[in-house]
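Below: the structure, in structure tokens.
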Amino acid sequence: MRIMRGVKLTGIAAFLLVVLIAVLAAGCGRSGTGTGGKDAYKIGAVLDITGSSSSLGVPERNTLEMLAAKVNAAGGINGRPLEMIILDNKSDETEAVLAVKKLINTDKVLAVIGASSSGPSMAMLEVAQKEGVPMISLAAASKIVEPASERKWVFKTAQSDLVTVSKLVSYLKEKGISRVAFLYMNNAYGDGGRAAFAQAAQKAGIEVALEEKFEAGDKDMTPQLSKVKAAGVQAAVVWAIPPSASIVTKNFRDMGLSIPLLHSHGAGNQNFIDLCAGAAEGVILPLGRLAVAEQIPASDPQKAVLDEYRKDYRQKYGEEPSSFGGYAHDAFWLLAKALEKAGADRAAVRGELEKISVYVGVSGIFRLSPEDHNGLGEDSLVLVTVKNGRWALIE
């Protein structure tokens, strides 16, 4: 813009010129404006990229960045680019709240994806609810979305702890195991798993003879495992994520315990196996089909989605994706489908998410509704074990 020289402006004229310059400058510097002058759809994500849950957050961040670039390369959504703003909550609940407030109030995002783990997700959801912003968590705790009548704005893509517990209890009953020990992390994820397992075990006639908790930062769980060894149980169930899940598994093997060791889907990535340094062999847990995608038959409805995600992720990052990245994949595409129909309207996006009655994703076939903001059942999980350092499907 050129300003005339030699002209003296005073009073109202000078004020109006200043305002005009400011408006023009703001327009020229506007972020999120795509080709053709169309504003971008702004989406936020709060992930556990560093801290104790980084093994979850890093593949989720990678996935969101990859998919946003893919969508924009194809022309965006409704001809509008997608702006993905990703913040790190450092695996901390307070940081998660600060991050989601920034995304909503400063960045003005249409929706939020995250967090990676249950504690930060629970901390974030009150903000999303109050501000009327759709939120899709990537964490497991059932209470993140239940009851749906009290979680109007909150959805999630990880299988709920209740679903995972149901799969584990079915396996225990099939094997005739009726007396177990339960070990869990002392946080929201562990607490949710403990409550769900206790309830399901009681209904199934399985005795939880021992419950032992440990902190996420603990480096040695032998005190808890000594009690397991003395309890005379038939199996041990662990509810944790790496690195804790790996530490307790190594301690378990070092102590010579030979009873079956079962884990939750929180241990569902290669990082868990690698940190175990051989101790994970024979561990059993329920996981989504992604972990054993090569062993899934071509007739499975998820097969094409699994293969495409694996191919894209390997090409971009040179490694296999994890179940956690899969949760981000599904959150992204559910949100993209809602945005395509709703446009830049938070309430409309929320409404469209509830209408997605069938979406074939990485984590399962989602059937969302006003009564169910997760939409995944026990059929979204398969039982796997660790064999030769890799996940293997249990037929």
**Prompt:** Which label marks the calculated value of log10 I(q)/I(0) by the Debye sum over Cα atoms at q = 0.13, 0.14 Å⁻¹, given the options [x] -1.25, -1.38; [y] -1.03, -1.18; [z] -1.12, -1.30?
**Reply:** [y]
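With an 8 Å cut-off on Cα pairs and a minimum separation of 6 or more residues, tell me the relative contact order of the stretch 162-287 in percent. Please report the intermediate quantities before stating the final value.
On the way: 209 pairs, mean separation 33.2, N = 126.
Relative contact order comes out at 26 percent.
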**Asked** In degrees, nearest 10, range 0 to 90: what is the angle between the Cα axis of helix 188-204 and the longest Cα principal axis of the chain?
**Response** 40
**Prompt:** When the helix-only estimate is applied to the chain (DSSP H runs of n ≥ 4, each -39,500 (n - 2.57), divided by the residue count), what is the mean residue ellipticity at 222 nm, nearest 500 deg cm²/dmol?
**Reply:** -13500 deg cm²/dmol
**Prompt:** Hey, what angle do you get for helix 222-231 against the long axis of the chain, alpha-carbon based, 0 to 90 degrees rounded to 10?
**Reply:** 40
**Item:** Fluctuation leader among Asn62, Asn105, Asn374 - the chain, Gaussian network, Cα springs under 10 angstrom
**Value:** Asn105
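Rounded, prolate or oblate for the stretch 187-274? Axes are the square roots of the Cα gyration tensor eigenvalues, ordered a ≥ b ≥ c, and the cut-off for rounded is a/c under 1.5. Provide the component values of the computation, followed by the final result.
Details: a/c = 1.62, a/b = 1.17, b/c = 1.39.
In terms of gyration-tensor shape, oblate.
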**Fill in**
GNM on the chain, Cα springs under 10 Å; top mean-square fluctuation among Val127, Val46, Val349 goes to Val127
**Asked** Any idea what angle helix 323-342 forms with the longest principal axis of the chain, computed on alpha-carbon atoms, 0 to 90 degrees, nearest 10?
**Response** 40
**Request:** Under a cut-off of 14 Å between alpha-carbon atoms, report the aspartates and glutamates in cross-link reach of Lys227, not counting same-chain residues fewer than 8 places apart.
**Result:** Glu211, Glu212
**Message:** Roughly how far apart, in whole Å, are the Cα centres of the stretch 281-306 and the stretch 42-93?
**Reply:** 24
**Asked** Share of antiparallel DSSP beta bridges in the chain, in percent to the nearest 5?
**Response** 30
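Quick one: of the DSSP bridges fully inside the stretch 162-287, what percent are antiparallel, nearest 5?
Working: 0 of 16 bridges.
Beta bridges within the stretch 162-287, antiparallel portion: roughly 0 percent.
Since every read-out is calculated from the coordinates, none of them should be taken as a lab result. Predicted model only: the values in this text are computed from it and were never measured.
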